[in-house]
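The values are calculated or read from the model by the stated rules, or taken from the named source; none is laboratory data. All of these numbers come straight from a predicted model, not from anything done at the bench. Cβ sites come from the backbone with ideal geometry, for glycine too, and all protein chains shown count toward neighbours.
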Amino acid sequence: MEDKYGRKINYLRVSLIDRCNLRCRYCMPKEGIIKRPYNELLRFEDILKIIKAAAHLGINKIRYTGGEPLIVKDIDYLIEETAKIQGVSDLAITTNGTLLYDLADKLKSVGLKRVNISLDTLKRDKFNYITRGGNIDTVLKSIEKCLSIGLTPVKINVVLIKGFNDEEVVDFIRITKDLPIEIRFIELMPIGQGEKLYKTSYLSSENVLKIIKNTFELVPQKTHSGSTVSLYKVDNYRGNIGFISPMSCKFCKNCNRIRLTSVGNLKPCLHSDKVINLKSCLNNAELLTENLKQGILSKPLQHNMDSKNKSESNKMMYQIGG
């Protein structure tokens, strides 16, 4: 289905839970969050019902996010049932990777196509710092596991933070020499906890490209329609390097996604305060489909963060979905 600006909306990101087993400084408060009662969250059958309705409208790409989606019990069942839905051709998750090692085989066998793994540093002490206690070895083991079983390409999400990981950019790119990995450098956004870091720690993709070009010659790569990433590779390297630049070079004109929160609110745009409650119409198929249509049609032309240095959404990132 197209929105009112002619963009084909075929991608739904579904946040399963707002909790996480890490406390990344740009995402989660140090003390954690108040645990929601499970009856406030969408049940698996609710999620599947919404995805089936969305698939009828042309949504063919589903990504499960969190919080941390892998802390959700029986997520393999949800992946399996989602993969059976007619029209869904691409099924992925975004995870911090700490729990993925033990689940990777099962998830692939039931229909998971791809994984994005958040990893903002390659240094053990810095990983422990940015995550407030995480162990990088669990993530590296998970990456190796995904590569070994063919759950590829593995995409590594690196949030750019000035003064923290800018000196590691070249090290990240060297990973792509021999491995089918896509390193995705993502600009820090002034949303939720990230708003506190933004003024002092924002680093643009343009500046990172300058750093890279001192060491490597990058070859631009083609991307599919609706892609929000600018893609490159170093000649003869197996992997790719991507840039997601919502602040310096916003990609709204190509945005093909809508988002569903763990409590059943549809967000046409990550940075908009507009939501449509889908939980209230789960037992009315016609109304559910209509509300999904309205969500797509109400998708704004673009966000306004570049002029305000602040998201219009009043929710934290972990409440919306990474």
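Observations, loosely collected:
- A search for C-beta distances below 7 Å between a residue of region 1-24 that is more than 25 Å from I75 (Cα to Cα) and any residue that is among the small types (G, A, S) and part of a loop (DSSP other than H, G, I, E, B), counting only pairs 6+ apart in sequence or on different chains, returns M1/G58; K8/G226.
- Which listed residue, of S262, S227, is assigned to a loop (DSSP other than H, G, I, E, B), within 18 Å of the chain's Cα centre (by Cα) and without any contact (Cβ under 8 Å) to a residue 40 or more places away in the chain: S227
- In region 125-140, the count of residues that are under 19 Å from S227 (Cα atoms) and within 20 Å of the chain's Cα centre (by Cα) is zero.
- Of the residues making up region 173-216, those that are within 29 Å of G32 (Cα to Cα) and of a type in the set (A, V, I, L, M, F, W, C) are I183, F185, I186, L188, M189, I191, L197, L203.
- Tally of residues being farther than 25 Å from T131 by Cα and of a type in the set (F, W, Y) across region 191-216: 1
- The condition of being farther than 17 Å from V158 by Cα and of a type in the set (G, A, S) holds for S227.
- Here F251 clears all of (1) closer than 24 Å to I161 by Cβ; (2) among the hydrophobic types (A, V, I, L, M, F, W, C); (3) at pLDDT 95 or above except the condition numbered (3).
- Restricting I33, I59, I50, I75 to residues that are in contact with a Phe, Trp or Tyr (Cβ under 8 Å, 6 or more places away or on another chain) and under 24 Å from N284 (Cβ atoms) narrows the list to I59.
- Scanning region 104-133 for residues that are among the small types (G, A, S) and in contact with a Cys (Cβ under 8 Å, 6 or more places away or on another chain) returns A104, S118.
- Selection within region 28-58 - surrounded by 17 or more Cβ atoms within 10 Å (Cβ to Cβ) and at pLDDT below 90: M28
- Pairing residues of region 182-209 that are more than 28 Å from R114 (Cβ to Cβ) and part of a helix (DSSP H, G or I) with residues that are modelled with pLDDT of 95 or more and of a type in the set (G, A, S), at Cβ distances under 8 Å and at least 6 apart in sequence or on separate chains, gives T200/G163; S201/G163.
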